[in-house]
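**Student:** The structure under discussion is supplied below as structure tokens; questions concerning it will follow.
The values are calculated or read from the model by the stated rules, or taken from the named source; none is laboratory data. The model shown is predicted, which means the values in this text are computed figures rather than measured ones. Heads up, the Cβs are rebuilt from the backbone with ideal geometry, glycines too, and the neighbour counts pull from every protein chain shown. In case anyone asks, the SASA skips ligands and DNA or RNA and just uses the protein heavy atoms, side chains included. Shrake-Rupley method; radii C 1.70, N 1.55, O 1.52, S 1.80 Å.
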Amino acid sequence: MKKKIVIANWKMNPATSMEANKIFESVAKSVSRIKKTEVVICPPYIFLDKLSKIRTSKVKLGCQDAFWGDVGPYTGEVSGEMLYNVGVGYAILGHSERRAQGETNDQINKKVKAAIASGLVPILCVGERERDESHKYFETVKTQVRECLNGVSRSSLYKVIIAYEPVWALSSTVNRRDATPVDASEMAMFIRKVLSDITSPDIASDVRILYGGSVNERDVEEFFVNGGVDGVLVGKASLDPKKFTEIINICEALKN
Ligand code: PEP
């Protein structure tokens, strides 16, 4: 059975290494007894090395991007191999905040393949910026999934995690709206169908599909029970160790 997963995206927070350690240690301590839930925290690069030294078998480390090149002339970039070597296991790729800065499906595709080659689990973010009445957003997400996974071998595809994050529901979006578990469930089903078309129903059913967009300790259970997802990607609420631990505990207490 697929293990449920709760992932924290700290984005460009917090301001100091001391605060980062405090949040991470607090979560690690509170979830030391969990058994059924995989927990990943993705802090900014600068905190990774120090956080990797905190002893915990329950909280794994992820990053918020990973470049496709190996060592070489790529000013400002960090490679999958470098990240793997400091203990990172997961890489958020194609987040809408990076797409907004011009990142394309083609670039994300290169990053997905390089991350897999470096031993990282890609957390591929997809999602429409707006919903329209003619349902074109399904086409947008389909193109993102197909182009970002283009050429990824069947034997690697089942390792990829896909996070559906409708931009209009993110906590950072001005005039945001709440997405419902039904919105998440419809899109999770649709993404699985797209995956099935590019691989096989077996592989598609092994891929974990997550929901992300202002998830908090009050609505997370609904997303698990009625949202048809295998996990959640949590931004704002993940910076509060109490709220994030509550989200993890709710996930841990689910029947299956
Ligand atoms: C995100 O941007 O990845 C995210 C999940 O953010 P939030 O939960 O703050 O909407």
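**Student:** State which stretch of the chain is the longest one without any exposed GluC sites (Glu not before Pro), exposure meaning a DSSP loop state and at most 13 other Cβ atoms within 10 Å.
**Tutor:** Here the longest run is 134-256.
**Student:** Determine which residues of the range 139-159 fall in the zone a paramagnetic label at Asp197 would reach in this model, i.e. backbone nitrogen under 16 Å from the point 7 Å along Cα→Cβ.
**Tutor:** Label zone hits: 139-151.
**Student:** How large, in percent, is the carbon and sulfur part of the accessible surface of the chain at a probe radius of 1.4 Å?
**Tutor:** Whole-percent figure for carbon plus sulfur exposure: 51.
**Student:** How large is the accessible surface of Trp10 in square angstrom, using a 1.4 angstrom probe and rounding to the nearest 10?
**Tutor:** 0 Å²
**Student:** Another question, then. If a/c stays under 1.5 just call it rounded; otherwise compare a/b with b/c (prolate if a/b is bigger, oblate if not). Do that for the chain, with a ≥ b ≥ c from the square roots of the Cα gyration tensor eigenvalues.
**Tutor:** Rounded, since a/c falls under 1.5.
**Student:** I would also like to ask the following. In whole angstrom, how far apart do the alpha carbon centroids of the range 169-219 and the range 44-67 sit?
**Tutor:** 25 Å
**Student:** Return the sequence-ordered ³J(HN,Hα) values of the range 161-172 in whole Hz as given by the Karplus equation 6.51 cos²θ - 1.76 cosθ + 1.60 applied to θ = phi - 60°, using x for Gly and Pro.
**Tutor:** With coefficients 6.51, -1.76 and 1.60, one gets 9, 10, 10, 7, 10, x, 4, 5, 10, 5, 5, 7 Hz.
**Student:** Right, next: Would you please give the residues with an amide H less than 5 Å from that of Phe67, counting only those at least 5 places away or on a separate chain, with H modeled from the backbone geometry?
**Tutor:** So Phe67 has HN proximity to Val78, Ser79, Gly80.
**Student:** Something else about it: Please list, in chain and number order, the residues 5+ apart from Val234 or on another chain whose amide H is under 5 Å from its amide H, with Hs placed from the backbone.
**Tutor:** Ile7, Ala8, Asn9
**Student:** Let me ask something additional. For the chain, with the dipole built from +1 on Lys and Arg beta-carbon atoms and -1 on Asp and Glu ones, taken about the Cα centre, which of Cys42, Thr56, Ser172 lies farthest toward the positive end?
**Tutor:** Thr56
**Student:** Under a point spin-label approximation (7 Å from Cα along Cα-to-Cβ), what is the Lys22-Ser171 distance to one decimal in nm?
**Tutor:** 1.7 nm
**Student:** Report the label-to-label distance for Arg218 and Thr143 in nanometres (one decimal), using points 7 Å from each Cα along the Cα→Cβ vector.
**Tutor:** The modelled label-to-label distance comes out at 3.6 nm.
**Student:** Another one. Within the set of other residues whose C-beta is less than 12 Å from the C-beta of Asn109, count the net charge using Lys and Arg as +1 and Asp and Glu as -1.
**Tutor:** +1
**Student:** Moving to a separate point now. Which whole-Hz couplings ³J(HN,Hα) result when phi for each residue of the range 66-79 is put into the Karplus expression 6.51 cos²θ - 1.76 cosθ + 1.60, θ = phi - 60°, listed in order with x for Gly and Pro?
**Tutor:** Once rounded to whole Hz, the list reads 7, 6, 8, x, 7, 4, x, x, 10, 4, x, 9, 10, 8.
**Student:** Hey, how much of the P(r) for the range 1-113 falls beyond 21 Å, as a percent of Cα pairs?
**Tutor:** Here the long-distance tail beyond 21 Å is 40 percent of all Cα pairs in the range 1-113.
**Student:** I've got another one for you. Can you check what the net charge comes to around Ser172, using other residues whose Cβ is under 10 Å from the Cβ of Ser172 (Lys, Arg +1; Asp, Glu -1)?
**Tutor:** Residues close to Ser172 contribute a combined charge of +2.
**Student:** Between Ala15 and Lys29, what is the label-point separation in nm under the 7 Å Cα-to-beta-carbon projection?
**Tutor:** Here the answer is 2.4 nm between the modelled labels.
**Student:** Further, regarding this structure: So, counting K/R as plus one and D/E as minus one, what does the shell of residues with Cβ under 13 Å around Lys58 add up to?
**Tutor:** Net of charged neighbours comes to +4.
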